Amino acid sequence: MPPEIKIDALQAMPKGGKLNEEWIALSNVGDAPFNTEGCSISVARSEKSRPRVVTTVKAGLVIQPGEKVRLVSGSSGKKSHGEAPDEEGCKNVHLFLKAPFLDKKGLTVRLTNKQREICRTNYPMEAAAE
């Protein structure tokens, strides 16, 4: 059974902002834990464009069923990257990137594991239909 991971939200770094203000929120909506080891985050200019890998998640992050995780672009130890958002019920995991990757509108953001797509969304995300 494929993992049931969902991209809940994307936040780009504001103009003149800090790297820790850019993040991707993921949630596990399935019944089994999901190990992110080896998963890659990639961006493409459109749905059909070739994706560019931004980073590969290292070992140690397991998203439990019902858990929410925020993948923050910057480093927790660098003051120049600013403070990561703090929200109860959502833990922050830092990606230690050197530059923002949500820099253009219309990007397709994917989470893949060994070329198998886990989930995808477009930036900026469409508002949920009510």
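Condition test on K114, is it under 14 Å from T56 (Cα atoms), surrounded by fewer than 18 Cβ atoms within 10 Å (Cβ to Cβ) and at pLDDT below 95? Judged against the criteria, K114 is a match. Pairs are defined by a Cβ separation below 6 Å, a sequence spacing of at least 6 or placement on different chains, a first member in segment 33-61 that is without any contact (Cβ under 8 Å) to a residue 40 or more places away in the chain and more than 21 Å from K6 (Cβ to Cβ), and a second member that is in a strand (DSSP E or B) and among the β-branched types (V, I, T); the pairs so defined are R52/V43. Residues of segment 58-89 that are over 14 Å from M13 (Cβ atoms), at pLDDT below 95 and in contact with a Lys or Arg (Cβ under 8 Å, 6 or more places away or on another chain): E87, G89.
Say whether the condition of being among the acidic types (D, E) and in contact with a helix residue (DSSP H, G or I) (Cβ under 9 Å, 6 or more places away or on another chain) is met by at least one residue in segment 85-102. Checked against the condition, which is being among the acidic types (D, E) and in contact with a helix residue (DSSP H, G or I) (Cβ under 9 Å, 6 or more places away or on another chain), segment 85-102 yields no hits at all.
Within the group T108, T121, which residue is among the β-branched types (V, I, T), touching a residue at least 24 places away in the same chain (Cβ under 8 Å) and more than 19 Å from I63 (Cβ to Cβ)?
Just a single option satisfies the conditions, and that option is T108.
So that you can scan it fast, the table gives a plain yes or no per residue for (1) outside any strand (DSSP E or B); (2) aromatic (F, W, Y):
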{"site": "I41", "(1), (2)": "no, no"}
{"site": "F96", "(1), (2)": "yes, yes"}
{"site": "P100", "(1), (2)": "yes, no"}
{"site": "K105", "(1), (2)": "yes, no"}
{"site": "R110", "(1), (2)": "no, no"}
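The values are calculated or read from the model by the stated rules, or taken from the named source; none is laboratory data. Bear in mind the structure is a predicted one, so any value in this text is a computation, not a measurement. Note that each Cβ is placed from the backbone with ideal geometry, even for glycine, and that neighbours are counted across all protein chains shown.
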